[in-house]
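A short worksheet on the structure shown next.
The values are calculated or read from the model by the stated rules, or taken from the named source; none is laboratory data. What you see is a predicted model; the values in this text were computed from it and never measured. Every residue, glycine as well, gets a Cβ built from its backbone with ideal geometry; the counts of neighbours run over all protein chains shown. Side chains are part of the model used for accessible areas, which takes the heavy atoms of the whole protein and leaves out ligands, DNA and RNA. Shrake-Rupley method; radii C 1.70, N 1.55, O 1.52, S 1.80 Å.
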Amino acid sequence: MEGPAWLRALPDELAARVVEANALASAPGAREVDGEDAVRLACDLIIAGVDAPEVVDLACQPCDVDGLTASVLLRTAMDALGLPGAG
């Protein structure tokens, strides 16, 4: 898998979820992401040792966080982790 070293070090399933979430958060005209999925991903990243402040911010949201808020926080976390967005 290509990408930052931290991404290549993740278990394959988690790395695939990160890549998928980044694609969802980056797509032109991106729709809102599922809040619970975004929070769960952030929690799993923290467990895996990826604990950037932006990831922690997302992980601290309630599981019923609205999709717009989750989308913004997810994109912010992906940017902080060095994953490029669309454009």
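Among the residues of the range 27-53, those identified as touching a Leu at 6+ places or on another chain (Cβ under 8 Å) and among the small types (Gly, Ala, Ser) are ALA30, ALA38, ALA42, ALA48, ALA52. Looking across the range 78-87 at every residue that is part of a loop (DSSP other than H, G, I, E, B) and of a type outside the set (Gly, Ala, Ser), the one that is most open to solvent (accessible area, probe 1.4 Å) is identified as PRO84. Within the range 1-47, the only residue that satisfies the criterion of being acidic (Asp, Glu), farther than 19 Å from ALA70 by Cα and touching a helix residue (DSSP H, G or I) at 6+ places or on another chain (Cβ under 9 Å) is GLU2.
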